[in-house]
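What follows is calculated from the coordinates using simple rules that are stated; it is not laboratory data. Since the model is a prediction, treat every value here as computed from it, not as a measurement. Cβ: placed from backbone, ideal geometry, glycine included. Neighbour counts: every protein chain shown.
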Amino acid sequence: MLSRQTLRSVSAARHFSSSASRQTKVAVLGAGGGIGQPTSLLLKQNKLVTSLSLYDIRGAPGVAADVSHVDTASEVKGYAADQLDQALDGAEVIVIPAGVPRKPGMTRDDLFNTNASIVRDLATAIGRVAPKAHILVISNPVNSTVPIVASVLENLKVFDPRRLFGVTTLDVVRASRFLAGIAGTDPADTPVTVVGGHSGVTIVPLLSQSAVGKAVNGEAWEKLVYRIQYGGDEVVKAKDGAGSATLSMAYAAAKFTNQLLRALGGEKGVVAPTFVKSPLFETQGVDFFSTNVELGVNGVEKIHPVGPLSAEEEKLIEACLPELKKNIAKGQSFVSSS
Ligand code: NAD
Ligand code: LMR
């Protein structure tokens, strides 16, 4: 049996370690959905998250009650439709998977009419309640929803490009998995750089930048590039009307959130691909672009260039830029006209 004195020192040590460690509140907007639920579960397992705030227009309190029973230290609270401000209050990182997913035959851009206003309204609340938060946008079409958030925050005079991220992690996760499947390697040892945006031809895998990827040529290269660009369609088709990728997306969201939290906590050298306000193709009218980005205590620290390209990859970039420019402009003009 433990003596009173031992119990007192254990309790004092606990108190010391929790008050000395970093407090990080992460909010998930759209937490009741196909991505939101598993993302919340994965974030509950992340020791860098001390408080988890789950918001949705339906179902978040139930998801929160469920996730809160997982035996990790973080606190979990669920918020109903009319409690967005409370959900956002004090959030340092906000993950947004709110919005409708695709059905077979739809493009991501077909989601614009519904998701643009959802994202705009959430961004407006963030700008008002949590203007210093790091915002991770999952809702599609990412190529347009990220510019929407930027424009809303610009209008509110609180936009900091270092704190806005389109989550393109799933493209990179898929690229590694698909390439490893061909090469017979472990995906963990088969990184692939993917740049551009997050839809069809705007997703540009740079296979030539890794030894394993460089070995894939000709028709095999074309098939692999197509599979990486249209991997999302495979899931939409297989789910047959029941939505799009949710579990692999939650994995990707949790992976990127963890990378950001590590960097915010002071870890150096954290590099992750993400769709951010970028100077790389600004002269061609493309204000946002995904490349590897070094993350730091303030968010985006350094945007890496695309790096060396093969002749085929140059052509992929040429095909990407006009489509991306159109998608970005569509998001920007939605905000200026609303
Ligand atoms: P879902 O329909 O299962 O869940 C969406 C959730 O958003 C629902 O619970 C809904 O109630 C909620 N919601 C709707 N309006 C809201 C609002 N105003 N505030 C808060 N919550 C709101 O859909 P899903 O499968 O989770 O997909 C969500 C989005 O993520 C879709 O737009 C999808 O295309 C996108 N997505 C992006 C990626 C990526 O790589 N970035 C990958 C997969 C899916
Ligand atoms: C994906 O890449 O899986 C997502 O963007 C969802 C979709 O619509 O394909």
Cα gyration tensor of the chain diagonalised, 5x eigenvalues square-rooted, in angstrom largest first, produces semi-axes 34, 24, 20
Assertion target for D82, D89, D171, ordered by fewest C-beta neighbours within 10 angstrom first, is D82, D89, D171
If one compares the long axis through the Cα atoms of helix 4-20 with the longest principal axis of the Cα atoms of the chain, the angle in degrees, nearest 10, works out at 40
Env charge @ G32, Cβ radius under 10 Å, K,R +1 / D,E -1, value 0
Here the relative contact order (percent) of the range 58-135, from C-alpha pairs under 8 Å and at least 6 apart, is 30
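Past 31 Å, Cα to Cα, is the threshold; run K223/K255; K132/K268; K268/K326 against it and keep the listed order.
Result: K268/K326 exceed 31 Å.
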The answer for the net charge of residues other than R102 whose Cβ lies under 15 angstrom from its Cβ, with Lys and Arg +1 and Asp and Glu -1, is -1
Percent relative contact order for the chain, counting Cα pairs under 8 Å at least six residues apart, stands at 16
Computed, not fitted: 222 nm per-residue ellipticity of the chain from DSSP H runs ≥ 4 (each -39500 (n - 2.57)), nearest 500, equal to -14500 deg cm²/dmol
One quarter of the C-alpha convex hull surface, i.e. the mean projected area of the range 140-265 in nm², amounts to 9.3
Here the relative contact order (percent) of the range 168-337, from C-alpha pairs under 8 Å and at least 6 apart, is 24
Partner lysines whose C-alpha sits under 24 Å from that of K325, ignoring same-chain residues fewer than 8 away, are K157, K277, K302, K315
Counting only DSSP beta bridges fully inside the chain, the antiparallel percentage to nearest 5 is 45
Summing +1 per Lys or Arg and -1 per Asp or Glu among the other residues with Cβ less than 13 Å from V49's Cβ gives +4
Tilt, helix 169-183 to longest principal axis of the chain (alpha-carbon atoms), in degrees rounded to tens, equals 60
For the range 142-191, listing trypsin sites (Lys or Arg not before Pro) in a DSSP loop whose Cβ sees at most 11 other Cβ atoms within 10 Å gives K157
From fewest to most C-beta neighbours within 10 Å, the residues Y251, Y55, Y226, Y79 line up as Y226, Y251, Y79, Y55
In degrees, nearest 10, the alpha-carbon axis of helix 218-229 is tilted away from the dominant principal axis of the alpha carbons of the chain by 40
The rounded separation in angstrom of the Cα centers of the range 160-209 and the range 227-298 is 8
Footprinting proxy, T168, T283: sorted fewest to most Cβ within 10 Å, the residues are T283, T168
Sorted on mean Cβ neighbours within 10 Å (highest first), peptides 255-262, 326-333 come out as 255-262, 326-333
